[in-house]
Structures are given as C-alpha cells and as structure tokens.
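Worksheet: the structure to be examined is printed underneath.
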Amino acid sequence: MSHAGPEDLAASGSASKAHEPRIQAHSANPKSSARGGAKRYPKGVRGLLNPALGRSDSLDLLRSSGASDLARRGELVLYRGGRVECSPVALGPDAAWRWRDLWAVRRIGSYREARNRIGMVTVEQDGCRRLLETESSLERAHLRDQLFTAGVTWLLTQPFALRWPIEGRCLWRVPDILGYDLDGPFVADVKPEASRTEYSDLMFELTRVKSRQVVYAA
C-alpha cells in the first residue's frame, strides 16, 4: 500500500481549491453611501413616481370604494442592469418578473438625526456575494432571520416600486424585501407596531392584492 507524502497532499489540496466556485462581488453592490441623507433612485425611476399624490388625497382614496379598482390598475417599476422597466401588474411575483436579475430600485440614505442607521446584510446567492441595504436595525434583524429560515434561497431589499397612476399623479410605494422560499416568491415589509398607521395598513392591503405579502412588526 502506498502512502501520499506531504507534497502530494499539498498538490491535491491546491487542485481541489482550483475547482471550487469563486464567489464574485455582485455588480449591483453599492459603491458608496448616499449623500446628504437622500434616497437615490436610478435614472428614470423618479419620473415614473412623480408627481406623487398627497398623503391626504391618498388616504381618502384608499378609504373609498374605489380602492379595489385601484389595485387592478397597479404598475410595476423594476430596475435591472442599468435599465428601468414599467409594466402593468397582472399577477404577484412570478418567474415572468425575472426576479433573480433585479437590482434595488432605490438606495437607502441616512441622516444625522436618524434613530436607525443604514445597515448592510451580506448574502451569497447565484454565485455572487451581495450587499443588501436595510434602513433600520429591525429590518436588518428580520432579514438575517430569513437567512436561517429553511427554504429561503434568495433575498433582495428595496426590490421594486409599485405605482398606481391617478389623473396625472400617482400613488406609490417600495416594499422592504422580496424573497424566495419553498412556496415561491414573497414580499415582506418591516414596520414597528408603534409606527403603524391607518395609511400604512391600507397601503399594505393594496400590495397584498397582487402579491404574497407578510408584515413584520417589533
């Protein structure tokens, strides 16, 4: 029986490492922090979200009987590889969205008086190491929980914008998280219970009409 010497073991180890897949930094990773506390949107996104419907008018509309019709007229704003896409939301998240190719539709900013600072969560998926931005410690905690939840294989924060055009203006929102688990894609929002309002709950309800959505509270 022959025995491998130290040189043979070293050579074998080198060969094994050579065949291991190399983790690359994702091309969508932020290159620098947002300036001046502003949330940055890729070119072309802000024009699709403005002029926005005011909060008072939005609340009146969401309370009205026309809210169900509004949900059916929703549009999806996606961003991938430097290109902005906008199309009607026929269904919730599915393969047609090519969700694995999505880039965050906006950057998260921070400001001096903020109660929570921007935080990063690193995920390794699709052969890339990706930095996901979160805008609160609570959101970061829930995102990390997802990493240890059985069946969750893909995550993205600030994944897309939903907009509802209304007579030259629009109502819009950006969900916190888009994920994929054993049941398929899902949308998640993180909102401390003390911060939830009638407006936020009505907006969540509007999102649920077109997606499998969960809301995480403190």
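Things to note:
- Criterion: open to solvent by less than 50 Å² (accessible area, probe 1.4 Å) and either at pLDDT 90 or above or more than 25 Å from Ser195 (Cα to Cα) (or both) - qualifying residue of Gly81, Gly109, Gly44: Gly44
- Picking from residues in segment 190-211 that are of a type in the set (Lys, Arg) and not in a helix (DSSP H, G or I), the one that is surrounded by the fewest Cβ atoms within 10 Å (Cβ to Cβ) is Arg196.
- Qualifying residue in segment 122-143 (condition: closer than 23 Å to Arg98 by Cα, part of a strand (DSSP E or B) and free of Cβ contacts under 8 Å to residues at least 24 places away in the same chain): yes
- Residues being among the hydroxyl-bearing types (Ser, Thr, Tyr) and closer than 17 Å to Ser56 by Cβ - total across segment 154-184: 0
- Among the residues making up segment 37-85, those that are in a helix (DSSP H, G or I) and closer than 30 Å to His26 by Cα are Arg46, Gly47, Leu48, Leu49.
Here's the yes/no breakdown for (1) in a strand (DSSP E or B); (2) over 11 Å from the mean Cα position of the chain (by Cα); (3) within 25 Å of Leu53 (Cβ to Cβ):
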{"position": "Val152", "(1), (2), (3)": "no, yes, no"}
{"position": "Arg163", "(1), (2), (3)": "yes, yes, yes"}
{"position": "Gly179", "(1), (2), (3)": "yes, no, no"}
{"position": "Ala188", "(1), (2), (3)": "yes, no, yes"}
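- Residue check, Ala90 open to solvent by less than 60 Å² (accessible area, probe 1.4 Å), among the aliphatic types (A, V, I, L, M) and either more than 19 Å from Asp181 (Cβ to Cβ) or modelled with pLDDT of 90 or more (or both): no
The values are calculated or read from the model by the stated rules, or taken from the named source; none is laboratory data. Quick caveat: nothing in here was measured; it's all calculated off a predicted structure. Cβ atoms come from the backbone with ideal geometry, glycine included; neighbour counts cover every protein chain shown. For the accessible areas, the whole protein counts, side chains as well, though only heavy atoms, and no ligand, DNA or RNA atoms are used. Shrake-Rupley method; radii C 1.70, N 1.55, O 1.52, S 1.80 Å.
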